[in-house]
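In what follows, a single structure is set out as structure tokens and then discussed.
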Amino acid sequence: MSVKDELAFDFSISIPRIVICGEMVVADNVKRIVVFTDTNVVVHNGSCYTSMEGKGLVIKELGEERMIIKGELETVRFFETL
Amino acid sequence: MNWKRCVFLKHYKKITVEGNDTERLINLCLIKKLNLRKIRFISDREVSFYVSYDDYEVLRETVGRRYRIIDTGEYGYRYRMSGFLKKKTLVAGLLIFSLILIYQSLFVAEIEVLGYESINEQALRKTMRAAGFYEGCRKSVNLEKVKLHIYDEFDNISWIGIKYKGNLAQITIAETEYLYENKRIDSSSPCNIIAATAGYVNSIDPEEGVRIAEDGAYVKEGQVLISGEVPLEKTTFEDNDKNENVSYVHAAGTVDAKVPVRLNYYIEANEKIKEKTGKRMFTVAINDRILLNELCPYEVAVVHSITLCNWVKPIRFKLQVNSVEEVVLKEEKIAEKDVRKQVINEIHKFVKEKLPDNTQILNKSLNFRQEKNIIYIGVTLETLQQIGIEEEIIVDKSNRQSDQNDDK
């Protein structure tokens, strides 16, 4: 990874960052929730949208542009704004 | 755990929100930086989540009339504590119970004595009570002082251990094994009769065995008096007689000896007499602490106590009423016959407790010497005691076997 990419990765505020560990998902740079159901959560990160699909999704914590989701995650998709 | 988490757990609520576009509500909370936890989707028009109590008011203002908020639960340690503190009787009862428990732990509820064999348990408990250690006393008693007191009273205790197990005081003692203790040996085993103590032999009456010590001889402690090794002379004529045969028997007999005993006593030359003045007052003592003791005007007084109640369990409570009589101390020179009487009583007590049974006192002499206020009395007793005790003979069987083979 180049220095530029590393800096962008660490200090970006508008690109999605998802960390998945088992049944826990940590999503950073969450500006707004677009859709929230128990099978699908779609969030707006500033520059694009992130969709997380699965079963029994519960937002465990929400605050300071960080969201922690617990549940059985199946798909993560990224959509760019038009 | 960060500070925000601590604040949240202090007091938080579980609410269900009903309305259209629940995502909008969550976004508003995100903008207002409200702390939301466990946001759960129930239906298109319902979500439930946990919110801290401080943020709840802000949420209500934010929501307005667009959404319906239903309180489904209240949690947090501060919420639980406030509910608990409202029950004043329960809090008071728990406080009193804790105080009783702490108060009870300050006293000894039970004393268990282990390890004694020849010592009387009642005598031991009496000695401990005299040292200030008894059931109901405070645990702050100096245990080293109690041990020293017991060592002074009982000569045959070699070790004392005092351990607390809660309110139970466990006392373990180890008694001394005397070197020349008169143990009974089986009559079929060979043994010698030895001297239990040093003295001058008065008479030896052997029933079995060979007499070793002569009348009038001085014998030391452990010296053989009647031997169990009986020499046998061979009756056959052989040129190569090397050793006499020895036969081992269980020696028996009585040995009387004159044993001198020296004792020293100290008595004060002036006897203190307490003369009552007739003045009296009453005081109350709770758990051996006299109330308002500093108000007693008497310099010297005699106190008589009456115990009204003495509980150890479930709570330590001792109530005593004391009668305090003022006395004046006077000194009177003690008469010589009183001194002599005291000393003779001590001698009889000593003979009864310390010397073997059947001991006779043949002669006694008292030597008085006074220095300042102390009378020193040196006592010399000439006692007649039975000093013989059995000591087993250990025979080397291999040598006996080789002698037997030579005979064949």
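Might you work out the accessible area of B:LYS333 for me, using a 1.4 Å probe with all protein chains in place, and round it to the nearest 10 Å²?
140 Å²
Send over the semi-axes of the protein assembly as shown's equivalent ellipsoid, whole angstrom and largest first, taken as the square roots of 5 times the C-alpha gyration tensor eigenvalues.
95, 44, 18
GluC sites (Glu not before Pro) within segment B:297-380: which are DSSP loop residues with at most 10 other Cβ atoms inside 10 Å?
Here the GluC sites (Glu not before Pro) that fit, given the DSSP loop and packing criteria, are B:GLU299.
Given a 1.4 Å probe, how much area per residue of the protein assembly as shown is accessible, in Å²?
Per-residue accessible area for the protein assembly as shown comes out at 65 Å².
As a test question: what accessible area, to the nearest 10 Å², does A:ASP28 have when a 1.4 Å probe is rolled over all protein chains in place?
Approximately 20 Å² for this residue.
Summing both sides, how much accessible area is buried between B and A? Use a 1.4 Å probe and give Å² to the nearest 100.
1400 Å²
Among DSSP beta bridges whose residues both lie in chain B, state the antiparallel percentage, nearest 5.
Given both bridge residues lie in chain B, the antiparallel proportion sits at roughly 95 percent.
So which residues in segment B:15-64 end up with at least 30 square angstrom less accessible surface once the other protein chains are there, compared with the chain by itself, probe 1.4 angstrom?
Buried by 30 Å² or more upon assembly, which counts only protein chains, are B:GLU23, B:ILE26, B:ASN27, B:LEU30, B:LEU36, B:ARG37, B:LYS38, B:ILE39, B:ARG40, B:PHE41.
Just to confirm my numbers, what's the Cα centroid distance between segment A:20-82 and segment B:128-168 in Å?
73 Å
Tell me the accessible surface of B:THR283 in square angstrom (1.4 angstrom probe, heavy atoms of protein chains only), to the nearest ten.
20 Å²
Where does each of B:THR197, B:THR307 land when they are ordered by accessible area, with a 1.4 Å probe and the largest first?
B:THR307, B:THR197
How many percent of the accessible area of segment B:196-315 is carbon or sulfur, using a 1.4 Å probe?
On segment B:196-315, the fraction of accessible area on carbon and sulfur atoms equals 49 percent.
Determine by what factor the alpha-carbon radius of gyration of segment B:246-315 differs from 2.2 N^0.38 Å, reporting the quotient.
That ratio works out to 2.56.
Quick check on chain B: helices-only [θ] at 222 nm, where DSSP H runs of length 4 and up contribute -39,500 (n - 2.57) each and the sum goes over total residues. Nearest 500, please.
That comes out to -8000 deg cm²/dmol.
Pick from B:LYS145, B:LYS313, B:LYS38 the residue whose mean-square fluctuation is largest in a GNM of chain B, springs joining Cα atoms under 10 Å.
With Cα springs under 10 Å in chain B, the top fluctuation among B:LYS145, B:LYS313, B:LYS38 is at B:LYS38.
So which helices of chain B fit the span-like rule, where a helix is a whole DSSP H run, its Cα atoms reach 18 Å or more along the axis, and its mean Kyte-Doolittle is at least 1.0?
Qualifying helices, which must be both long enough and hydrophobic enough, are B:88-104.
Averaging sequence separations of C-alpha pairs under 8 Å and six or more residues apart, then dividing by the length of chain B, give the relative contact order as a whole percent.
13 percent
Report, in listed order, any pair from B:LYS147/B:LYS354; B:LYS14/B:LYS38; B:LYS341/B:LYS364; B:LYS163/B:LYS318 with a Cα-Cα distance greater than 19 Å.
Beyond 19 Å: B:LYS147/B:LYS354; B:LYS163/B:LYS318.
What is the spin-label model distance, in nm, from B:GLU299 to B:LEU99 if the labels are put 7 Å beyond Cα along the C-beta direction?
Roughly 4.2 nm, to one decimal.
What are the trypsin sites (Lys or Arg not before Pro) within segment B:87-128 that DSSP puts in a loop, where the Cβ has at most 12 other Cβ atoms within 10 Å?
Passing both the DSSP loop test and the Cβ count: B:LYS87.
The values are calculated or read from the model by the stated rules, or taken from the named source; none is laboratory data. For clarity, every value in this text was computed on a predicted model and none was experimentally measured. Glycine also receives a Cβ, built like all others from the backbone with ideal geometry; neighbour counts cover every protein chain displayed. Calculation scope for accessible area: heavy atoms of the full protein, side chains included, ligands and nucleic acids excluded. Shrake-Rupley method; radii C 1.70, N 1.55, O 1.52, S 1.80 Å.
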